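A short worksheet on the structure shown next.
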Amino acid sequence: MFKDKFDLVIAANRLPVDRVREGNRSVWRRSPGGLVTAMESVMRGRDGAWIGWSGVPGKAPAAFEQDDMCLHPIALSSDEVTDYYEGFSNGSLWPLYHDVIVPPTFRRRWQAAYEKVNRRFAEAAADLAADKATVWVHDYQLQQVPQFLRELRPDVRIGWFNHIPFPPVELFMQLPARDSLLHGLLGADFLGFQRRTDAQNFLRACRQLLGEDVAVRGDLVQNGDGQVCRAAAVPISIDTRGMAELASTPKVQARAAEIREQLGNPEKLLLGVDRLDYTKGIRHRLKALEEMYREGSLNSACTKFIQVATPSRERLEAYQHIRSEVEQTVGRINGEHSSFGAPPVTYLHRSFPREEMAAMFVAADVMLVTPLRDGMNLVAKEYVAAHDDSGALVLSEFTGAATELKQSYLCNPHDIARTKRTITRALEAPDEERRRRMRAMRRQVLRHDVQHWAERFLSDLAVAPRQP
Ligand code: ADQ
């Protein structure tokens, strides 16, 4: 029998575990990813609970313990998965918060489901939080939780962290639910964003759209009830030492060499690793590479490219569309430039274990991270962590990571001509220049790792002023 009240409660759309089959039984397995690692270290030695959806629609399984954490599944019906998760979260908010790269769709039914599910999360958090506990809410799927939870439990400290960008008010104001979401967030004591610009966008939206209802001073917003909420940047990071150690193991080093060998020992190896999402700029990257192979500035026999495109949100039309565009382009490049058994592009549409990811990072001479908009982009940081003083990072200016990794080869992915020149610069830079850049970036990610991020968020939350 485990406890029923906790000093720290994490609320995220998903639990940190996946249901997987092992032989003929199904078991919970820890999901890969930085957030889980970060939270694990924060939860150690604390009374922690995590609430989230299990990933399977229908009745929620009973609460259970895993890795010293108490996990409380939240039920979502099939309709709620369609309306709250695929609809409002990923059909309205995701495109709107990523510069409307594809047009967002707004449906009143989706908004109602979002509110209902956010209430359910708030009620579960209210039940589990001990007196004066800390509740840390994550991401765009749960923006109304702070307000609903505040109504139920005025005693708890509420923090919210946005993993994705917060849009400029000119875009945000398209959202029919804009006031509800802003009021939802203002139930928190502290709101963490990836970049200062995101925090400023939020503050500007409060000032411009809520008018007399709130008072905005500096990074503080006071709502109608007199409660104060602070908004600031707390950029997320990775388990840098974990990745660096993994990358330097003999097994991963050997696998990296083997990957290059399997590709025919190319002179240069380029790599892209993304969820297959229209925000990640995969099409723009492929266009640049296709032109370079065609013009001969890249030689398809000596320069190879691996694109890992992790399956994502496959039931949504926009994702089916980007998948078919990416796959057509890869097919066209390989059709035009392959020799027998040696295509220039290796396209991998599946998930990989950590070691295999690390081996790909180690193997690659140049990493291409070219999103059109990205909250942070952890892949860029992982690549840096996996390299001692070799490698080069081409990084889009539209990622949160660009604010921190200034020594990368920065590019504007919309500008194909310059992106091509940037890729060439990264490929041809003298060793000494590449080494200097990588060392500086490595220092940055070692100093600011995920543990540092989580501690900073929690200490900012602890001291956030509640009164004006
Ligand atoms: P994502 O959009 O999912 O995250 P990202 O930050 O790059 O993007 O994180 C992806 C993670 O998944 C990385 O750790 C990567 O190594 C891993 N991964 C990707 N493909 C994989 C594969 N095929 N197999 C195994 N692992 C794979 C959201 C926001 C980002 C923000 C993060 C964290 O969109 O902007 O950086 O949250 O806040």
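Please treat every number below as a calculation from the coordinates, not as lab data. No experiment lies behind these values; they were computed from the predicted model shown. Counting neighbours? That spans all protein chains shown, and the Cβs are built from the backbone with ideal geometry, glycine included.
If you line up the long axis of helix 282-295 against the longest principal axis of the chain, both from Cα atoms, how many degrees apart are they, to the nearest 10?
Relative to the chain, helix 282-295 is tipped by roughly 10 degrees.
Taking each pair of distinct Cα atoms in the range 323-406 once, what is the resulting Kirkwood hydrodynamic radius in Å?
This gives a value of 14.6 Å.
So what is log10(I(q)/I(0)) for the range 306-358 at q = 0.24, 0.26, 0.32 1/Å, when the Debye sum runs over its Cα atoms only?
Cα-only, vacuum Debye calculation for the range 306-358: -0.96, -1.01, -1.18.
Give the angle, between 0 and 90 degrees and rounded to the nearest 10, that separates the Cα long axis of helix 250-262 from the longest principal axis of the Cα atoms of the chain.
50
Using the charge dipole of the chain (Lys, Arg: +1 at Cβ; Asp, Glu: -1 at Cβ; taken about the Cα centre), state which of Leu372, Val345, Trp453 has its Cα farthest towards the positive end.
Going by the Cα projections, it comes out as Val345.
Any chance you could tell me what percent of the C-alpha pair distances in the chain go past 35 Å?
Pairs farther apart than 35 Å: 33 percent.
Report the Rg/Rh value for the range 213-351, based on alpha-carbon coordinates and the Kirkwood definition of Rh.
Answer for the range 213-351: 1.18.
Using alpha carbons only, how many degrees (0 to 90, rounded to 10) separate the axis of helix 34-43 from the longest principal axis of the chain?
Taking Cα atoms only, the helix is inclined about 40 degrees.
Report for the range 265-352 the percent antiparallel among DSSP-assigned beta bridges with both residues inside it, nearest 5.
Within the range 265-352, antiparallel bridges account for around 10 percent of the total.
Check cross-link reach from Lys280 to the lysines: straight Cα distance under 18 Å, and skip same-chain residues fewer than eight apart.
Lys381, Lys420
Please compute, for the alpha-carbon atoms of the range 136-220, the extent along each of the three principal axes and give them in descending order in Å.
Principal extents (largest minus smallest coordinate, Cα): 34, 28, 26 Å.
Please tell me the relative contact order of the chain in percent, rounded to the nearest whole number, where contacts are Cα pairs under 8 Å and at least six residues apart.
Value for the chain: 14 percent.
If packing is taken as the average number of other Cβ atoms within 10 Å across a peptide's residues, how do 141-149, 78-86, 398-406 rank, most packed first? Walk me through the numbers before you get to the answer.
Details: 141-149: 25.6, 78-86: 18.3, 398-406: 22.0.
Highest to lowest by the protection proxy: 141-149, 398-406, 78-86.
Only bridges with both residues in the chain count here: give the DSSP antiparallel percent, nearest 5.
Roughly 25 percent of the DSSP beta bridges within the chain come out antiparallel.
Determine the shape class of the range 1-160: with a ≥ b ≥ c the square roots of the Cα gyration tensor eigenvalues, call it rounded for a/c under 1.5, and otherwise prolate if a/b is greater than b/c, oblate otherwise.
oblate
Among the DSSP beta bridges whose two residues both lie in the range 306-456, what percent are antiparallel, rounded to the nearest 5? Intermediate results must be reported in sequence, preceding the final value.
Working: 1 of 12 bridges.
Of those bridges, close to 10 percent are antiparallel.
Which number comes out as Rg/Rh for the range 15-103 once both Rg and the Kirkwood Rh are worked out on C-alpha atoms?
Taking Rg over the Kirkwood Rh, I get 1.04.
Using only C-alpha positions, report the orientation-averaged shadow area of the convex hull of the range 326-468, nm², one decimal. Spell out each step's value before the answer.
Numbers: hull surface 48.2 nm².
Taking the Cα atoms of the range 326-468, their convex hull projects to 12.0 nm² on average.
Once a ≥ b ≥ c are taken as the square roots of the eigenvalues of the Cα gyration tensor of the range 390-453, is the result rounded (a/c under 1.5), prolate (a/b larger than b/c) or oblate (a/b not larger than b/c)?
oblate
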